[in-house]
Amino acid sequence: MATANDAALPPGAQFPTILGFADTPGLRTIALSVVAAFTLAVMVGIWMWSQQPDYRVLFSNFTDRDGGAIVASLQQLNIPYKYSEGGSAILVPSNQVHDARLKLAAQGLPKGGNVGFELMENQKLGISQFLEQINYQRALEGELARSIQAVSAVQTARVHLAIPKSNVFIREQQKPTASVLLNLYPGRTMDQQQVSAIVHLVASSVPELAAKNVTVVDQNGNLLSDTSKQIANNNLDPAQLKYVQDYQQNIVKRIESIISPIVGAQNVRAEATADIDFSRSEQAAETYRPNSPPESSTIRSQQSSESYNKSLNASGIPGALSNQPPVPSTAPIVAPANASPSSAASSAGLTQKDSTVNYEVDKTIKYTQQPMGGVKRLSVAIVINFKSETDKSGKVTSKALTETEKTQISDLAKEAMGFNKERGDTLNLVNSPFATPEKEAIVEVPIWKQPDTIQTVKEIGRYIIAALVLGYLFFGFLKPTLKKITTRQMEKEKQEEKRHKRELALEDEAEDVVNLSKNTGKQSDYEINMDIAKQLATSDPKIVANVIKTWVSNE
């Protein structure tokens, strides 16, 4: 049966009595010690759980090689860590996240799976030329991949280089080629200018690599570097579309900026549509005009000739004297008054004059080149809200603009947009009240539903639960168990002391009886011992039982 002290212990501390070991003080003390040790261990575990730090993500989506290097570095730095569900992230205490990242960055971690020129630092002695070339190619691919990953839209990149072996024969030499695989962030795209930049980056990093020999592919298998289809179809490229959008937005911005001071920033809306001509045209013309009057013409060449033929009649005596050349004729200084022109011509002979004058041809050559990007037509639509007026009573009313005000605003808008009537530009101005949007009722989140409050309550609750459990274990288990162990030890000492006193008293009584029997001489020694044994068994049967046990054990 359990004693009164056993009833004060918790149920877990009474199992020695229940198992029938109540009469074995040693086993009972051992059991109570085990219960106390177990309770103390539970309390220590709960205390450590309450002091466990909040873990945050250090790195995620890393390669296996980087993960092993990061874990090894964290172990060397004595920074606790653990893995998230699935092992896709490494967690460290929140107060050590930034410190750990800086220390790992100093070691070049994470490397991102790409090996750069640091591969050349670990060259082994006696390595062949082929392996050296392979390592150089791997290092170059890794460096290019790191450079491409610096683009904001690129998450990861892989570069494959096909560098042929050099050949002394020029006809048999092959040009290197390259392939780039891009893994873009979700929701991100690459425009043609970014793809062209990546192509030229790779082409400029490899000797004798042409830009046309670089292929760029995204994670969906789309060929990003193929511009042949775009050129063949003569479609607008993204740069042209962006130019149109920027031009239209610039027109809208200029119109709203000049009208806003009049009607208010929130009372004007404008939209512009521009028809841009991206075709490139060239024209050459050569025209000839009628000749100008000779007075204003430019003489290119002039030629004149004059011939004189005098007729000779046969006269004189035949012979040598008549064959002599004629004597040079002399003309009179003053012609006779009665001489006629015919007689003068007949006397002078025949005279012929020729004159040729060549003038420059009047020719005009005109060469015209029309640049692309010209505006063919511009259309603008403007909506202006009613103006608000406040009367003497403080009531706000809306009123439409007058025709004069509309005309003024329309003229300002035409000047801002660069209105050209010959080009066919249009401007439409509408004055209408704006629809007031319904204000969404913002539901204020109660303080007990706010994430910060919930997190704070969780932290406080963890400490409160730990304190309650520790208090219950201490006052409900540990303290009663220790008190029971101490009480039983004290009771045991008291019982030993009482038994010792009783033994001394019985010895004194036995000596008295022996002395009395010696004095009286009426009873024998056997009878006296029997009387003493009976008295001892009656007064303290427990001592007698212990004596018998001692006799039996000692045979």
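Values in this text are rule-based calculations from the coordinates and carry no lab data. Worth saying up front: this structure is predicted, and the values here are computed from it rather than measured. Note that each Cβ is placed from the backbone with ideal geometry, even for glycine, and that neighbours are counted across all protein chains shown.
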- Where does the charge balance sit around Pro93 when Lys and Arg score +1, Asp and Glu -1, over other residues with C-beta under 9 Å from its C-beta? 0
- Query: In terms of modelled amide H atoms, which long-range or inter-chain residues lie less than 5 Å from the amide H of Asp362?
  - Reply: Arg289
- Task: Set the Förster distance to 41 Å, then compute FRET efficiency between Tyr136 and Phe278 from the Cβ-Cβ distance, nearest 0.05.
- Result: 0.35
- Note on the structure: Largest-first semi-axes in Å of the equivalent ellipsoid built from the Cα gyration tensor of the range 79-222 are 34, 23, 11
- Cβ-Cβ cut-off under 11 Å around Thr287, Lys and Arg +1, Asp and Glu -1: the net charge is +1
- Message: Assuming 0.36 nm per residue, please report the length gained on full extension of the stretch Ser398 to Ile299 beyond their Cα-Cα distance.
- Response: 27.7 nm
- Going through the range 404-476, which GluC sites (Glu not before Pro) have at most 14 other Cβ atoms within 10 Å and a DSSP loop state? Glu422, Glu438, Glu440, Glu444
- Note on the structure: With a ≥ b ≥ c from the Cα gyration tensor eigenvalues, square-rooted, and the rule rounded for a/c under 1.5, otherwise prolate when a/b > b/c and oblate otherwise, the range 144-292 is oblate
- Past the 28 Å Cα-Cα mark, which pairs from Lys483/Lys549; Lys376/Lys399; Lys458/Lys479; Lys242/Lys421? Lys483/Lys549; Lys376/Lys399; Lys458/Lys479
